[in-house]
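To keep things clear, I will list the structure first and then write my remarks on it.
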Amino acid sequence: MQPEVETKSIALYDTDYQLWLDRTVAQLKAQDFSNLDLENLIEEIESLGRSEKHAMSSYLMRLCEHLLKIKYWESERDQCFRGWKLEVRNFRLQIQEELEASPSLNLFLQNIFTKQYRNGRKLFLDASGLSAKLIPEEPDFTLEQALDEDWLSWQLE
């Protein structure tokens, strides 16, 4: 009888995700572990972690891009400064929210900081048209500075 339930659950996962999710939650609450679609449940839980990490990577890359705009793109500063400032605050807040929910992601951020700085640098260089020689290939600020609301505050006022 159990294989039939698993087949129905897997088919449900493929045909009505929300209903599958509702039933899975109900089964977990009822401690009906024998009827769980474990394969898809495990996949979903793993994807949650990947999604969080992807979001953090993206926020950090965009934060670095906008910090570089503020630090180096003088010709556009007067016109674009308010938008850049808003983006810096937004990305810092997004990262802080994620870190409050999952403090263990701090180590992940430290591990990807240089990579995301370089990606943000590429975006900045594409947007600005400035010479790559003018912008450090390695971060000239730390992750802690990038996340610190007071860092660059004199330029953000």
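Derivation of every value follows stated rules applied to the coordinates shown; laboratory data play no part. A quick note: this is a predicted structure, and the numbers were derived from the prediction, not measured. Quick reminder, even Gly has a Cβ in these numbers, built from the backbone with ideal geometry, and neighbours come from all protein chains shown.
Given 0.36 nm per residue, what is the gain on full extension from residue 30 to residue 100 after removing their alpha carbon distance, in nm? Before the final figure, lay out each step's value.
Details: separation 70, 0.36 × 70 = 25.20 nm, distance 3.00 nm.
Using 0.36 nm per residue and subtracting the Cα-Cα distance, I get 22.2 nm.
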Part-to-part distance (alpha-carbon centres) for the stretch 15-33 and the stretch 72-141, which is given in Å: 40 Å
Charge dipole (debye, nearest 20) of the stretch 53-156; +1 at Cβ of Lys and Arg, -1 at Cβ of Asp and Glu: 320 debye
Derived scalar couplings ³J(HN,Hα) [the stretch 35-46; Karplus, 6.51 cos²θ - 1.76 cosθ + 1.60; whole Hz; x for Gly, Pro]: 9, 5, 8, 4, 4, 6, 5, 4, 4, 5, 5, 4
Most mobile listed residue (45, 135, 95) in the chain, GNM with C-alpha springs under 10 Å: 45
Residue among 93, 130, 12 with the largest mean-square fluctuation in a Gaussian network model of the chain, springs linking Cα atoms under 10 Å: 12
Highest-first arrangement of 61-67, 102-108, where packing means the average Cβ count within 10 Å: 61-67, 102-108
For the chain, with +1 on Lys and Arg beta carbons and -1 on Asp and Glu, the positive-most of 35, 56, 91 along the dipole: 91
Base-10 log of normalised Debye intensity for the chain (one unit scatterer per alpha-carbon) at q = 0.12 Å⁻¹: -0.64
R0 of 35 Å, Cβ-Cβ distance residue 114-residue 21: FRET efficiency to nearest 0.05: 0.40
